[in-house]
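The values are calculated or read from the model by the stated rules, or taken from the named source; none is laboratory data. What you see is a predicted model, and the numbers here were worked out from it, not measured in a lab. Note that we place each Cβ from the backbone using ideal geometry, even for glycine, and neighbour counts take in every protein chain shown.
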Amino acid sequence: MVDPLMHKELFNSDKTLKETFSNIQRVLPDNGVTLAMVLELVGKESFLVLSAFLSLPFLAPVSIPGVSTVFGAIILLIGISLVLDRPPCLPTRFMTHVLPSDKLRTCLSRGLIWIHRLEKISHRRISIFCQRHLMSRVNGLAVVLSALLLMAPLAFLPFSNTLPALAILLLSIGILQHDGVFVLLGYLFLVLTVFYFALIALMGVQAINMAISMALEWLW
């Protein structure tokens, strides 16, 4: 369990996201951490903070086995909650998944560089893309699609996790900070991810067709 005083310190409304995540990194137990513990640290009303947090490991060249499916599924549920305008229901099976604290700390250290840079240039701009009920649902759908792409079993390909993670991070920060520019950048990275995956799929189909043609030529 997390010390209530520590929880209050971590999530004072005056703190920036960088300060919040730095403090989370500092209080992580050494013997592993579950996502339920992370949620307790983040605060149950701060699910967008949680989605930003869960995107950070994919911005660093340090892999934590099996996290893209688990983290992607949780981000997916958060996106669905934005679409439905109600708190997400997070399965116990995901929330009790134990992560190695040392690797998570390393990922956070690299990810915090992104958070610091993004927060420095984040301002309340064209908030029409963040506040209206319709836009909230559209943004939720964008988070859902980004999470599905993050969950795709293509971790062996370069940038296959990084691109959708950047889309999730930018969308989450944009909605939290009421920054429409960040939201639009999130959409840009989502489009780039879709094009990248489509290109990979096209190349795969062409490779299969070429292999079939060569096999038929050899047989005949």
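Tallying residues that are of a type in the set (A, V, I, L, M), in contact with a Leu (Cβ under 9 Å, 6 or more places away or on another chain) and under 18 Å from Leu48 (Cβ atoms) within region 104-147 yields 10.
Each row is one residue, and each column tells you yes or no for (1) among the small types (Gly, Ala, Ser); (2) surrounded by fewer than 17 Cβ atoms within 10 Å (Cβ to Cβ); (3) at pLDDT 55 or above; (4) more than 16 Å from Leu112 (Cβ to Cβ).
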| position | (1), (2), (3), (4) |
| --- | --- |
| Pro4 | no, yes, no, yes |
| Phe21 | no, no, yes, no |
| Arg26 | no, yes, yes, no |
| Asp30 | no, yes, yes, yes |
| Glu40 | no, yes, yes, yes |
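Scanning region 173-206 for residues that are at pLDDT 90 or above and polar (S, T, N, Q) turns up just one, Thr193.
What do you reckon, is His116 more than 27 Å from Leu77 (Cβ to Cβ), part of a helix (DSSP H, G or I), in contact (Cβ under 8 Å) with a residue 24 or more places away in the chain and not hydrophobic (A, V, I, L, M, F, W, C)? When the stated conditions are applied, His116 passes them.
In region 121-169, of all residues being under 10 Å from the mean Cα position of the chain (by Cα) and of a type in the set (Ser, Thr, Tyr), the one that is surrounded by the fewest Cβ atoms within 10 Å (Cβ to Cβ) corresponds to Thr162.
Whenever a residue of region 132-161 is closer than 10 Å to Val83 by Cβ, its partners that are not in a helix (DSSP H, G or I), lying with C-beta atoms within less than 9 angstrom and at least six residues away or across chains, give the pairs Ser136/Asp85; Arg137/Asp85; Gly140/Asp85.
Just one residue in the set Leu163, Leu169, Leu145 is in a helix (DSSP H, G or I), modelled with pLDDT of 85 or more and over 28 Å from Leu28 (Cα atoms); that residue is Leu145.
If I filter region 84-101 down to residues being assigned to a helix (DSSP H, G or I) and in contact (Cβ under 8 Å) with a residue 60 or more places away in the chain, which single residue comes out as farthest from the chain's Cα centre (by Cα)? Result: Ser101.
Note on region 120-131: residues that are in a helix (DSSP H, G or I) and either more than 14 Å from Leu170 (Cα to Cα) or out of contact with any helix residue (DSSP H, G or I) (no Cβ under 6 Å at 6 or more places or on another chain) (or both) total 4.
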